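Heads up: the structure comes next, in structure tokens.
The values are calculated or read from the model by the stated rules, or taken from the named source; none is laboratory data. No experiment lies behind these values; they were computed from the predicted model shown. FYI the Cβ positions are ideal-geometry reconstructions off the backbone, even for glycines, and counts take in every protein chain you see. Note: accessible area is taken over every heavy atom of the protein model, side chains too, but ligands, DNA and RNA are not part of it. Shrake-Rupley method; radii C 1.70, N 1.55, O 1.52, S 1.80 Å.
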Amino acid sequence: MPVGIFRVCLLVITAIVNHPLFFPKENGTVPENTEEIIQKMKEREESLRLEQLRLEQEIADQEATQKALEKAALVVEENKEETVRWDMWTALSLVIFLLIELWRQDFQEGNWQDIGGEEDDMEVLGKAFKGVAFPNKAVLASFYEKRILGTTGDMARMREMVEGFADDLLEALRSVCNRDADMEVEDCVGVGSMYENWRVRKPFVCDLIVPFSPPEPYCFRCQTWCSGDSFPPDEQGYGTIKVCRADEDVTGCICDKTKLGEDMLCLLHSQVNTTRPSSDMEDLLCFKNTQYLDADQVMKWFQIAVTKAWNRISHKYEFDLSFSLLDSPGALKIKFRSGKSIAFNLTPVVQYENSDVYFISHFPRSSLAADVPSSTHWFLTFAVYERRFIHLVSKTLPANACHVSCLQILSFLHGKQCSLTGPSGLTNYHLKTVMLHLLQTRPSQDWAPEKLEARLQDMLKFLERCLHEKKLYHFFIGNGKVPAELGFPIIFQRAEPLNLFRPFVLRRDIYRKTVDTFHEMLRNMSALINEYTVHIPLAHTNGIRKESL
């Protein structure tokens with residue numbers, strides 16, 4: 001019993017001693033509410049999660065910034081390499097552009113035709129020259145002396161006779177014209193092969209141009225295809241001539257372009273100062289209802305005036321004068337009582353500004369020539385400058401230079417071949433243009449008389465290449481290397497070169513015929529020359545093709 005009571009007392013005492021209210025632990029707190037503790041723990045957990053997300057975002061941003069910096073550095077490096085490559089391409093493109101520009105300048109300065117410098121470089125002549133036997137120097141010299149040289153004296157006498165008669169005829173023409181209403185005629189000018197001393201084919205024909213101008217108070221306003229306004233390709237080489245009052249503004253007044261109304265009056269142009277009515281403009285040889293000079297009207301007026309002039313002076317001469325060709329209104333023929341005749345061309349022209357370039361009313365036609373766009377389009381001729389250039393260059397060449405001889409031989413051969421196989425698209429003017437190009441590009445010493453054979457081959461090479469490319473450029477138009485002594489108008493030097501063979505591109509039938517005739521001429525060249533050389537034995541002429549004869 002006592003033992004049990006003791007145990008109970010011990011238990012009570014132990015419980016009292018261990019009760020927290022009597023002996024609280026150090027730093028110990030008694031939670032007042034369990035839910036509050038849980039809520040705080042959740043808030044703490046949320047704050048920690050947000051902090052973790054923030055730190056992760058900062059780390060991600062830092063990594064992205066680092067990658068951006070690395071990428072930027074890579075781009076900069078690539079840009080440096082690209083810049084170096086771009087600079088190389090830019091420099092290369094600039095060099096190419098400069099080369100093209102230099103080539104273009106050479107092209108416009110007259111070096112657009114590839115001439116070739118080697119005299120014996122026969123490979124460039126093409127298949128047409130394979131097997132062709134060129135006459136040697138002795139044969140060419142004998143042919144030139146016996147067949148061509150003897151004709152120069154006849155040309156001189158004919159020129160003197162024709163010029164004297166033309167001066168007398170034009171003086172009579174001035175006397176029959178009304179000075180107040182008709183065109184004023186100036187002195188004639190000799191041009192072409194007869195005055196450049198290289199014509200070889202008979203009959204000899206003198207070409208004379210006659211400048212004329214309108215009566216006062218009118219003047220001519222000339223416009224060419226290279227004066228700024230756009231002209232179609234088929235009108236290149238042509239121009240128009242407008243008949244204006246001398247005191248008329250070149251640019252024109254706005255009253256000519258705008259309808260002012262019935263109750264409005266131009267203060268600059270009164271009724272007294274207006275242009276003549278359309279009927280009077282036709283009296284000035286203009287196209288109907290325009291102010292543009294009509295080439296057909298000019299030729300009709302000129303033919304009538306020449307007829308009147310001849311009727312006035314015909315009693316002084318013992319021959320007859322008549323117009324010889326219907327398609328060439330300026331072609332005249334003198335017929336002597338003995339039956340002999342002399343032909344010459346007297347063609348009215350209009351001077352371009354103050355130069356020796358002329359608008360010609362009618363130009364000798366050929367199968368290659370395109371139709372004139374209209375009768376108000378006038379062709380430009382540079383014949384006076386061509387004659388001056390040949391004369392100027394001849395002063396720098398050796399004595400008895402062979403440039404004219406080459407042209408005469410080539411003209412003779414081509415004419416003979418055309419008489420055998422029919423006409424072709426080539427003309428003597430094309431042959432002369434070839435000579436002019438070679439005269440400008442080859443040194444003076446290359447035209448010595450002993451180099452006749454080599455220069456003749458050069459002309460044939462040049463012509464064959466031009467036919468192959470269908471390109472033969474006008475010598476003066478677009479040629480920036482024309483000698484300054486000629487006083488050639490700068491507007492034509494700066495113009496685009498004019499291709500004389502452009503019609504070959506459009507007329508393939510004529511082109512084929514021209515090429516065939518040229519090749520046939522090459523094959524028959526030696527035989528033709530031997531045939532017309534007196535001292536050459538007949539056996540040498542057997543090489544000519546029988547089918548051509």
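Data table
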{"read-out": "In Hz, Karplus ³J(HN,Hα) per residue of segment 49-55 (6.51, -1.76, 1.60; θ = phi - 60°; x = Gly, Pro)", "value": "5, 5, 4, 4, 4, 4, 5"}
{"read-out": "Arg508, Arg174, ranked by accessible area, largest first (probe 1.4 Å)", "value": "Arg508, Arg174"}
{"read-out": "Lys300-Glu78 pseudo-label distance in nm [points 7 Å out on the Cα-to-Cβ vector]", "value": "7.9 nm"}
{"read-out": "Relative contact order %, segment 442-501, counting alpha carbon pairs below 8 Å whose residues are six or more apart", "value": "32 percent"}
{"read-out": "HN-Hα J in Hz across segment 170-180 - Karplus 6.51, -1.76, 1.60, θ = phi - 60°, x for Gly and Pro", "value": "5, 5, 5, 4, 5, 6, 8, 8, 7, 5, 8"}
{"read-out": "Options Met525, Gln493, Val515, ranked by Cα towards positive dipole end of segment 479-539, top entry (Cβ charges)", "value": "Gln493"}
{"read-out": "Net lengthening on full extension, Leu99/Arg442 (0.36 nm per residue, minus Cα-Cα)", "value": "121.1 nm"}
{"read-out": "Residues whose placed amide H lies under 5 Å from that of Phe488, excluding near-sequence neighbours", "value": "none"}
{"read-out": "Relative packing of peptides 514-520, 439-445, 333-339, 400-406 - highest average C-beta neighbours within 10 Å first", "value": "400-406, 514-520, 439-445, 333-339"}
